[in-house]
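Read the figures in this text as sums done on the coordinates, not as results from a lab. Quick caveat, the model's predicted, so the values are computed rather than measured. Cβ placement follows ideal geometry from the backbone for every residue including glycine, while neighbour counts extend to all protein chains displayed.
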Amino acid sequence: MLPVFEPGRQAKNIILLIGDGMGLGQISSAMYSNNNHLAMAEFPVVGFQKTHSFDNLITDSAAGATAMCCGVKTFNGALGVTSDTLPCLTILEEAKQHGFAAGLVATATVVHATPAAFVAHQESRISYEAIALDVLDSKVDLLIGGGAQYFNSRQTDNRNLYAELRNKGYYVSDHTVEDLLRAPFHPGRGFVFFTAETQPGGASQGRSYLQWATRYGLKYLQQRSEKGFFVMIEGSQIDWKSHHNDAREVVRETLDFDLAVREALEFAKGRDDTLVIVTADHETGGMTINPGSKMGRPKIVFSTNSHTAAMAPVFAFGPSAELFSGIYDNTGIHTRMRQALGFSNSTSTAGSHAQ
């Protein structure tokens, strides 16, 4: 049993893990395919978030992530802006303003919708090269994911953002995970690891860096700032396999994500100052388990190849975890994270962009 913290205790660190497209069907299917066990099943606090966007009952990842990181509903496709297209200060940017370290890890490109929402302010999620410039200006300490091409082979301006990141003091690498494990640890420098030129491959294709990146990233961030850290870690490809209605691959991606959840949970269990939150931006595929299923062999079916409006589960452990029980809008994730970090008494920052 995990310990339960006394209510109202403030967190020093927040680890937010987002399983893109991960609803109860994906979680249940992975658990019943894995000897009835998941790290996610160990969390003492469980809630549900309503995922709808500003203009649509069915959200996309950009609007869903913006709601969680900014605390405002916006239109589908928008990143880090309000429904009036005004930039909004994200929880990551606010953490940086308070002197915290901050990081982003994803199994997609770092300019993809969910990670991008935390550092970019664009009306369109497909403005990848503009998003890369926002990343460059974001002061994020740790960045791990694909999308190197948007930094070193840009089409619009021929800028070499690799070189610009290094000029800003970042350690930038696109080596293999094995090479990087032997690399010097640089807590005094920003850290960027590009895992692929474009999108990383799937877990079934040998992609296995999420668990390692979580372990490495948490170790790095805790040494980066004495004040604390905020990090968002995304299992991006649960969504993609759900769009394809590929049940076996959905289970594989969800289990890969759960390994990162395990790393975060083990990190937090060894401390008393770290809040771990696991949730999704939306559900994809209308995934469910049909009659005739057996333990270890669930019969999985889908009702759509698109997103659904199903509520997304929220799991929490650590100081202020109790805030995440119940049912609330996805914007409530932002409100509760700010409260957990002690930001809630400061002036509201929704609608104002960090300079």
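Annotations
- The magnitude of the dipole of segment 13-340, with charges of +1 and -1 set on the Cβ of Lys/Arg and Asp/Glu and taken from the Cα centre, is near 580 debye.
- The chain: calculated mean residue ellipticity at 222 nm from DSSP helix runs of at least 4, using -39500 (n - 2.57): -9000 deg cm²/dmol
- Ellipsoid semi-axes for the chain, based on the Cα gyration tensor and the rule √(5λ), read 28, 23, 22 Å when sorted largest first.
- Shape category assigned to segment 61-163 from the gyration tensor of Cα positions, a/c cut at 1.5: oblate
- Descending by average beta-carbon neighbour count within 10 Å, the peptides 197-208, 9-20 line up as 9-20, 197-208, the highest first.
- Over 24 Å between alpha carbons, listed pairs Lys139/Lys227; Lys241/Lys299; Lys12/Lys139; Lys50/Lys299; Lys168/Lys227; Lys12/Lys96: Lys50/Lys299
- Global form of segment 210-332, assessed from the alpha-carbon gyration tensor, a/c cut-off 1.5: prolate
- Contour excess over end-to-end distance, with Cα ends at Lys294 and Ser153 and 0.36 nm allotted per residue: 45.8 nm
- Each peptide among 50-57, 276-283, 227-234 gets the average number of other Cβ atoms lying within 10 Å of its residues, and from highest to lowest they stand as 276-283, 227-234, 50-57.
- Distance from segment 188-225 to segment 279-302 (C-alpha centre basis), Å: 29 Å
- Simple Cβ-charge dipole of segment 3-109, Lys/Arg +1 and Asp/Glu -1, about Cα centre, in debye nearest 20: 180 debye
- Relative contact order of the chain, defined on C-alpha pairs under 8 angstrom at six or more residues apart (%): 34 percent
- The mean sequence distance of close C-alpha pairs (under 8 Å, at least 6 residues apart), as a share of the length of segment 53-131, puts its relative contact order at 30 percent.
- Electrostatic bookkeeping for Pro319 treats Lys and Arg as +1 and Asp and Glu as -1; over the other residues with beta carbon under 11 Å from its beta carbon, the sum is -1.
- Near Arg207: Cβ cut-off under 11 Å, other residues only, Lys/Arg at +1 and Asp/Glu at -1. The net charge is -1.
- Dipole of the chain computed with +1 at Lys/Arg Cβ and -1 at Asp/Glu Cβ about the Cα centre; of Ile333, Tyr32, His243, farthest Cα towards the positive end is Tyr32.
- Relative contact order %, segment 1-79, counting alpha carbon pairs below 8 Å whose residues are six or more apart: 21 percent
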